[in-house]
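The values are calculated or read from the model by the stated rules, or taken from the named source; none is laboratory data. Keep in mind it's a predicted model, so treat the numbers as computed, not measured. Cβ placement follows ideal geometry from the backbone for every residue including glycine, while neighbour counts extend to all protein chains displayed. Just the protein is used for accessible areas: all its heavy atoms, side chains included, with ligands, DNA and RNA removed. Shrake-Rupley method; radii C 1.70, N 1.55, O 1.52, S 1.80 Å.
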Amino acid sequence: MKLVLAEKPSVAKTIASFLGAKTRQDGYFEGNDYIITYAVGHLVSLYDMKDYDKDKYSGSWKMNNFPFVPEDKFKFKIDSSKTKQFNTVKKLLNRKDVEYVINATDNDREGELIAFLIFLLAKNKKPVKRILVNEWTPEDITRGIKNLKDEDEMRNLQAAGYTRLITDWLIGINFTSVATLKYGNGKLLNIGRVILPTVKLVYDRDMEILNFVPKTYYEIEGHFKAEAGEYKGKYVKGKESKFDTLEDANKIIASITSETGKILDKKVTMSKEYAPKLFSLTSLQGYITSKYSNFTSDKVLNVCQSLYEGNGKGGYITYPRTDSIFLEESLASKASQTLDKLKVGLEYENKIKFSKTKRVFDSSKVDSHSAIIPTYIIPKSLSKDEQLVYDAIKDRFVANFMPPAEYENTEIKTEVDNCTFLTKGKVLKSKGYLEVYNKEEKNDLLPLVNKDDVVDVLEIKPLTKQTTPPKPYTEDTLLKAMKNCGKNVPEEDTTVLSGYSIGTSATRADVLKKISQVGYVKKKGKSYSITDLGKNLVEIFPVKDLFDVDYTGKLEKSLSDIHKGKYTRKEYLTNIISFIYQNVNIIKQDASKNINTEAYTFDSKTKKFTKTKEKKQKKDVTNTEKEVAISKDSNNKKEVKNGDENQSLGKCPICQGDVLEFDKGFACKNHRECKFVIWKNDKYLSLYKKKVNKTMVKNILKKGETKVKSLTAKNGNKFDATLKYDKNPLDSINIPARFPGRGIHHR
């Protein structure tokens with residue numbers, strides 16, 4: 001038997017129907033040598049902070065408990081509401097007749113993470129293979145089963161998913177807690193890697209609008225009459241048409257005294273307008289939310305996911321969580337097959353012609369997944385919302401294989417007393433792809449004139465204009481700003497660094513939903529604006545990097561590079577943990593005005609606060625064992641004092657200051673700034689009745705490690721150990737060994 005793990009029940013049903021697993025059991029399907037089971041999204045989640053030490057962390061948040069990074073390892077638990085399905089999967093994994101497992105979760109970072117954590121907690125020992133498909137159709141499932149990937153090929157994607165999970169948990173639990181306690185005034189402040197830069201985008205736009213000072217400028221308009229009719233033109237000189245003052249415009253108007261003008265030039269050119277590019281999730285969300293007020297980007301994603309999964313009947317669209325607007329070149333035959341199915345019976349069927357153009361097929365511009373298109377399975381019964389979204393995807397796909405719309409563009413230059421007036425007109429000559437949308441274009445018709453014709457001057461007058469402020473963000477424009485890290489680039493521009501964004505196509509909709517729910521922004525009609533809470537957060541919260549779109553973009557880019565094998569999980573998390581330690585301490589020491597001077601204890605169960613008088617924090621070295629490869633011990637809150645500055649043991653590996661011996665340990669003389677300290681009663685050595693001595697410290701400073709010989713284990717056996725210094729804080733965290741680069745403290 002082969003065990004297939006799908007991400008959701010609907011996909012499991014689709015796969016089961018195509019593989020002939022017709023017997024439905026409790027939590028799985030079986031038949032024809034296959035067992036198809038499923039997750040229900042994330043069955044496994046990270047421990048809550050309180051799960052690590054219920055006595056210490058349960059019930060309330062206290063400043064003294066932060067920064068928090070698990071001492072030993074990150075731990076996971078089964079989601080309490082999904083225990084039954086997890087146990088079903090675990091039982092199936094342990095069935096003796098199962099030869100190997102096929103991971104059929106969504107083909108992305110999160111899908112890989114869902115399966116990885118299930119296999120990890122279920123202690124799976126069966127070989128795992130990966131089916132990679134872009135759509136759940138019989139053809140793709142068959143092809144995927146024949147071309148299963150080995151799980152080793154998915155390691156980098158697993159590492160990227162795992163790293164993203166740990167990163168967001170560490171940032172969320174640490175900064176949400178300390179920000180709430182320090183600045184919350186009794187209100188929970190949600191702090192997140194993707195939330196804050198999105199709030200900052202809205203804040204910045206609101207500030208631009210608030211501080212905008214309109215500027216008045218002037219133009220000159222001429223009104224003319226030819227034999228075939230009247231028309232208007234704008235005064236131009238070179239490329240300029242604007243005047244700073246009315247006086248300057250009136251000087252030009254006063255110089256024009258003739259009652260007739262002359263057609264100086266007339267140009268008629270033809271132009272083509274091609275169909276808009278295929279949809280990415282971001283552009284689809286923008287298109288739908290701009291057109292239909294009852295849709296949010298989150299709703300668009302949910303409807304797309306439903307169309308993708310197909311509810312057991314086969315998927316109707318390809319994988320929706322994509323940032324691409326092009327198709328892989330290898331998909332040409334599949335696209336042609338789909339087009340042949342979709343065009344049958346359309347009024348413009350004879351104008352739809354398949355061709356493999358670079359406007360549609362360009363592998364160099366596809367990152368992980370191609371653009372969203374329909375599959376060859378045509379749905380017969382969809383909900384109203386599903387039909388609307390499906391039609392948008394189908395129409396955009398079909399339009400890209402139709403002729404372009406063609407326009408006749410007319411440009412007339414009229415000269416009066418050596419002053420030139422420019423007039424432009426545009427007429428639709430051939431609808432082309434616009435037939436798909438039944439769109440009526442407004443023609444800007446001009447009267448028929450020829451070069452050197454004489455026309456009457458009816459009026460020359462100034463026009464008063466004003467510059468306008470930028471428009472508030474809508475769901476469409478905010479999604480695009482997140483995708484491009486605030487850079488104003490067109491959809492077709494692929495020069496933006498791949499993977500460099502605020503969030504991913506899969507997460508942005510949820511972020512927009514969350515920043516409204518927590519009260520940082522509000523939405524009126526289609527426009528987003530900052531709230532007082534959001535404004536105060538941006539202006540008071542001191543960790544400015546978390547608001548910086550470039551910083552967040554670089555984090556997302558690094559996650560993308562982990563997936564591509566260009567960056568390691570260890571390097572990434574090392575930087576994150578260092579960032580957390582540094583900035584949590586900055587918040588704790590923040591004494592600026594408009595900040596609470598009284599501390600609050602936040603009860604995570606009741607969501608209420610209690611004012612508490614928190615003891616003044618010592619500035620002595622605490623929790624610094626994370627900076628060195630020496631385990632945490634009970635002395636970490638005691639002072640290191642009475643050092644002998646004449647007896648330097650070596651140079652501090654962090655700041656190059658002298659390392660001295662103190663009563664309780666060995667520390668850099670600048671340890672209050674650099675945080676370098678090694679305690680004599682090291683927790684690990686204390687287990688074997690040993691202490692850290694001068695010789696050990698000298699070796700650590702000189703060689704990076706020291707040997708400790710003849711330790712006695714519980715069973716009486718003797719063994720040697722090595723203590724080593726490592727700047728990497730990850731070495732105090734047990735990342736599962738299947739990820740390369742796991743650090744070791746004590747050997």
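Within region 426-442, if we keep just the residues that are assigned to a loop (DSSP other than H, G, I, E, B) and touching a Pro at 6+ places or on another chain (Cβ under 8 Å), the residue that is nearest to Pro276 (Cα to Cα) turns out to be Tyr433. Selection of first residues in region 339-365 that are modelled with pLDDT under 95 and of second residues that are surrounded by fewer than 12 Cβ atoms within 10 Å (Cβ to Cβ) and not in a loop (DSSP other than H, G, I, E, B), restricted to Cβ pairs under 9 Å at least 6 apart or on distinct chains, gives the following pairs, ordered by first then second residue: Ser363/Ser330. Within region 369-395, the residues that satisfy the criterion of being touching a Pro at 6+ places or on another chain (Cβ under 7 Å) and either hydroxyl-bearing (Ser, Thr, Tyr) or open to solvent by less than 40 Å² (accessible area, probe 1.4 Å) (or both) are Ile372, Tyr390, Ile393. Is there a residue in region 165-176 that is more than 17 Å from the chain's Cα centre (by Cα) and acidic (Asp, Glu)? So far as region 165-176 goes, no, none of its residues is more than 17 Å from the chain's Cα centre (by Cα) and acidic (Asp, Glu). Within region 560-579, the set of residues being assigned to a helix (DSSP H, G or I) and β-branched (Val, Ile, Thr) comprises Ile562, Thr574, Ile576, Ile577. Just give me the residues in region 496-546 being in contact with a Phe, Trp or Tyr (Cβ under 6 Å, 6 or more places away or on another chain) and either closer than 22 Å to Gln285 by Cα or aromatic (Phe, Trp, Tyr) (or both), in sequence order. The answer is Val521, Tyr528, Ile530.
Comparison of Lys313, Lys277, Lys299, Lys272 shows that the only residue that is open to solvent by 70 Å² or more (accessible area, probe 1.4 Å) and modelled with pLDDT of 95 or more is Lys272.
Among the residues making up region 191-221, those that are open to solvent by less than 40 Å² (accessible area, probe 1.4 Å), assigned to a loop (DSSP other than H, G, I, E, B) and not hydrophobic (A, V, I, L, M, F, W, C) are Gly192, Arg193. Residues of region 119-152 that are among the β-branched types (Val, Ile, Thr) and part of a loop (DSSP other than H, G, I, E, B): Ile131, Val133, Thr137. Within region 665-682, can you find the residues that are buried (at least 17 other Cβ atoms within 10 Å of the Cβ) and either part of a helix (DSSP H, G or I) or of a type in the set (Lys, Arg) (or both)? Lys669, His671, Cys674, Lys675, Lys680 - these are the residues of region 665-682 that are buried (at least 17 other Cβ atoms within 10 Å of the Cβ) and either part of a helix (DSSP H, G or I) or of a type in the set (Lys, Arg) (or both).
Of all residues in region 222-234, those that are open to solvent by 10 Å² or more (accessible area, probe 1.4 Å) have Cβ atoms under 7 Å from Cβ atoms of residues that are basic (Lys, Arg) and in a strand (DSSP E or B), 6 or more apart or on another chain, in His223/Lys232. Which of the helices (runs of 4 or more DSSP H) contained wholly in region 28-103 include at least 2 residues that are farther than 30 Å from Tyr581 by Cα and out of contact with any strand residue (DSSP E or B) (no Cβ under 7 Å at 6 or more places or on another chain)? Fully inside region 28-103 and qualifying: 83-93.
Scanning region 586-600 for residues that are in a loop (DSSP other than H, G, I, E, B) and either crowded, with 16+ Cβ neighbours inside 10 Å or modelled with pLDDT of 90 or more (or both) turns up nothing.
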